[in-house]
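Everything below concerns the one structure shown next.
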Amino acid sequence: MKKVFIDTNIIVDLLAKREPFYEEAAMLFTLADKQQVNLSVSALTFANTNYILSQSLKPEEVRQILRKLKLIVQVLCINEKIIGLSLNDNDFRDFEDAVQYYTALENDTDIIITRNLKDFQKAKLPVMTAAQFLTTI
């Protein structure tokens, strides 16, 4: 089964029902429900998603949403090695993207799903949009 790392933007697309991206994100999670893929996210994704959703929802509503998300995805740890790699990689202009990338890489995921392909141009593993990935299934 493919180990698929989901970037924060895809999670927010799903949970905030952001159009026109919601449907593709929902389809990824349907594949996980059907046990066709294993979805993972970094611990950082939970913090970032909490912050974003808290702009429009009450704290308890956000926590309830995140509790449900945690049932579907594997949460990958961020450790000292990942932070060190992220800080020292000049190929990533955005530190958060570097943390996401190295979290995926260090945990042997097969692919990264994101809407920001340009931010992962030098990745050593496949990077696709949700739409691109869904065409491969």
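The values are calculated or read from the model by the stated rules, or taken from the named source; none is laboratory data. Because the structure is predicted, anything quoted here is derived from the model rather than measured. Here the Cβ is made from the backbone with ideal geometry for all residues, glycine too, and neighbour counts use every protein chain on show.
Some observations on this one:
- Checklist (1) small (Gly, Ala, Ser); (2) surrounded by 12 or more Cβ atoms within 10 Å (Cβ to Cβ); (3) free of Cβ contacts under 8 Å to residues at least 12 places away in the same chain applied to ALA25, failing item: (3)
- Test: THR109 is part of a loop (DSSP other than H, G, I, E, B) and modelled with pLDDT of 95 or more: yes
- Of the listed requirements (1) in contact (Cβ under 8 Å) with a residue 40 or more places away in the chain; (2) surrounded by 18 or more Cβ atoms within 10 Å (Cβ to Cβ), VAL62 misses just one: (1).
- Top-ranked residue in segment 4-22 [being acidic (Asp, Glu) and not in a helix (DSSP H, G or I); ranked as surrounded by the fewest Cβ atoms within 10 Å (Cβ to Cβ)]: GLU19
- In segment 111-128, the condition of being of a type in the set (Gly, Ala, Ser) and under 13 Å from the mean Cα position of the chain (by Cα) is met by no residue.
Each row is one residue, and each column tells you yes or no for (1) over 15 Å from SER42 (Cβ atoms); (2) surrounded by fewer than 16 Cβ atoms within 10 Å (Cβ to Cβ); (3) in contact with a Leu (Cβ under 6 Å, 6 or more places away or on another chain).
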site: PHE95; (1), (2), (3): no, yes, no
site: VAL99; (1), (2), (3): no, no, yes
site: THR103; (1), (2), (3): no, no, yes
site: ASN107; (1), (2), (3): no, yes, yes
site: THR114; (1), (2), (3): no, no, no
site: LEU125; (1), (2), (3): no, yes, no
site: GLN132; (1), (2), (3): yes, yes, no
site: THR135; (1), (2), (3): yes, yes, no
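- Residue-level check: of (1) in contact (Cβ under 8 Å) with a residue 12 or more places away in the chain; (2) farther than 21 Å from GLN55 by Cα; (3) surrounded by fewer than 22 Cβ atoms within 10 Å (Cβ to Cβ), ALA43 misses just (2).
- Count - residues of segment 118-134 that are modelled with pLDDT of 95 or more and not in a loop (DSSP other than H, G, I, E, B): 7
- Number of residues in segment 65-91 that are closer than 25 Å to ASN38 by Cβ and outside any helix (DSSP H, G or I): the value is 7.
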